[in-house]
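The values are calculated or read from the model by the stated rules, or taken from the named source; none is laboratory data. What you see is a predicted model, and the numbers here were worked out from it, not measured in a lab. As a convention, Cβ positions derive from the backbone with ideal geometry for all residues, glycine included, and neighbour counts pool all protein chains shown. Surface areas here come from the heavy atoms of the whole protein model, side chains and all, with no ligands, DNA or RNA. Shrake-Rupley method; radii C 1.70, N 1.55, O 1.52, S 1.80 Å.
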Amino acid sequence: MNKVELTVHSKEGLTFSLIDPEVPIEEQGEFDLIICKCNRELSKESLQEPRVLKILANFLDYEKSHPNCVFLDSVAAQKRLMSRTEMSAIFDEIPKKDERVIPTRSAIIHEGGSVPADFPFPAMAKALVAAGSVDSHEMGVVFNAEGLNKFKKPVILQEYLNHDSVIEKVYVVGEKCWVVRKTSLPNYETSADREPLLFNSQKFEELLGVRGDVPPPPQEVVDSIAKAISETAGLTLFGFDIIRDSKTGKYAVIDLNFFPSYRGTTGFREALQKLVLSSLKK
């Protein structure tokens with residue numbers, strides 16, 4: 001687990017202390033709020049390590065025995081996002097709350113299973129595990145059902161929407177949202193004989209397209225999506241990726257991260273301090 005270090009003006013009456021995750025929290029003091037962000041601790045491999053299990057139990061036990069202590073964010077909420085199946089369920093809820101957001105179809109394909117006959121291609125194929133392992137970064141663009149033979153099952157198929165090579169990475173701290181534009185994959189069409197494009201999501205620069213003339217997303221749309229995710233997933237510190245569908249001009253949420261880098265943002269510390277103060281007043 002990573003530690004966040006803050007300095008808050010004494011007039012706020014707050015004291016920030018670093019917590020040793022391997023020592024019982026009860027022995028370290030009484031806390032009104034705990035900033036708790038996991039990383040690899042929630043991966044399948046790590047959950048088999050006694051040390052990691054002890055750390056997670058430490059936080060879970062304190063959260064259970066101190067119901068008035070605010071957690072930013074709960075271990076349970078973070079653990080849910082380790083599964084792309086759970087993530088897709090969250091995505092499905094967002095269009096119900098904002099008609100400017102469109103749903104994207106998904107399907108889980110197991111070994112020996114078949115793709116639904118009406119599933120739209122091209123599609124993204126990803127491992128079910130969303131973070132914390134090497135497999136979580138291995139994915140690809142699939143142009144036809146046969147292309148799935150190149151992937152280790154089970155996988156989740158996600159409808160690929162053309163978006164003119166523009167992706168918006170949104171970072172959220174409470175009610176504060178930053179939008180950082182990045183270059184993405186190009187537009188693709190369905191092909192009956194094209195081989196899939198396999199890549200690692202951390203190093204695929206050679207596949208990036210050329211950004212089109214895509215207007216920035218309206219702030220009210222970004223804020224609406226962030227609010228919907230926060231309410232559905234129980235998160236206050238998170239990031240998500242959105243694209244603008246080239247055909248409809250509407251937006252789709254394609255990824256969610258419970259521990260983003262906040263790279264490219266300004267004023268993070270101030271926003272976090274504001275979130276802490278507002279959370280304590282609820």
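Quick notes on this one:
- Restricting segment 112-138 to residues that are over 20 Å from Leu197 (Cα atoms) and not hydroxyl-bearing (Ser, Thr, Tyr), the residue that is modelled with the lowest pLDDT is Gly132.
- Selected residue [at pLDDT below 95, within 30 Å of Ala271 (Cα to Cα), over 15 Å from the mean Cα position of the chain (by Cα) and surrounded by fewer than 19 Cβ atoms within 10 Å (Cβ to Cβ)] from Lys97, Lys182: Lys97
- Scanning segment 263-278 for residues that are assigned to a helix (DSSP H, G or I) and surrounded by fewer than 16 Cβ atoms within 10 Å (Cβ to Cβ) turns up Phe268, Arg269, Glu270, Lys274, Leu277, Ser278.
- Of all residues in segment 236-245, those satisfying the criterion of being in contact with a Phe, Trp or Tyr (Cβ under 6 Å, 6 or more places away or on another chain) and closer than 19 Å to Ala131 by Cα are Phe238, Gly239, Ile242.
- Residues of segment 132-161 that are open to solvent by 30 Å² or more (accessible area, probe 1.4 Å), touching a residue at least 60 places away in the same chain (Cβ under 8 Å) and within 30 Å of Val214 (Cβ to Cβ): His137, Glu138.
The rows are residues; the columns are (1) in contact with a helix residue (DSSP H, G or I) (Cβ under 8 Å, 6 or more places away or on another chain); (2) not in a helix (DSSP H, G or I).
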{"residue": "Ala107", "(1), (2)": "no, yes"}
{"residue": "Pro116", "(1), (2)": "no, yes"}
{"residue": "Pro120", "(1), (2)": "no, yes"}
{"residue": "Lys126", "(1), (2)": "yes, yes"}
{"residue": "Ala131", "(1), (2)": "yes, yes"}
{"residue": "Asn149", "(1), (2)": "no, no"}
{"residue": "Leu157", "(1), (2)": "yes, yes"}
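- Failed item in (1) closer than 25 Å to Leu128 by Cα; (2) in contact with a helix residue (DSSP H, G or I) (Cβ under 8 Å, 6 or more places away or on another chain); (3) of a type in the set (D, E, K, R), with Glu49 passing the rest: (2)
- Those residues of segment 185-218 which are open to solvent by 90 Å² or more (accessible area, probe 1.4 Å), farther than 17 Å from Gly147 by Cβ and either part of a helix (DSSP H, G or I) or in contact with a Lys or Arg (Cβ under 7 Å, 6 or more places away or on another chain) (or both), in sequence order: Glu205, Glu206
- Qualifying residue in segment 245-262 (condition: open to solvent by 10 Å² or more (accessible area, probe 1.4 Å), among the small types (Gly, Ala, Ser) and either farther than 22 Å from His163 by Cα or not in a loop (DSSP other than H, G, I, E, B) (or both)): yes
- Restricting segment 41-90 to residues that are within 30 Å of Pro103 (Cα to Cα) and assigned to a loop (DSSP other than H, G, I, E, B), the residue that is most open to solvent (accessible area, probe 1.4 Å): Lys44
- Checklist (1) in a helix (DSSP H, G or I); (2) among the small types (Gly, Ala, Ser); (3) under 14 Å from the mean Cα position of the chain (by Cα); (4) under 19 Å from Val180 (Cβ atoms) applied to Ser224, failing item: (3)
- Considering the conditions (1) open to solvent by less than 20 Å² (accessible area, probe 1.4 Å); (2) under 27 Å from Pro217 (Cα atoms), Phe119 is excluded by exactly one of them, (2).
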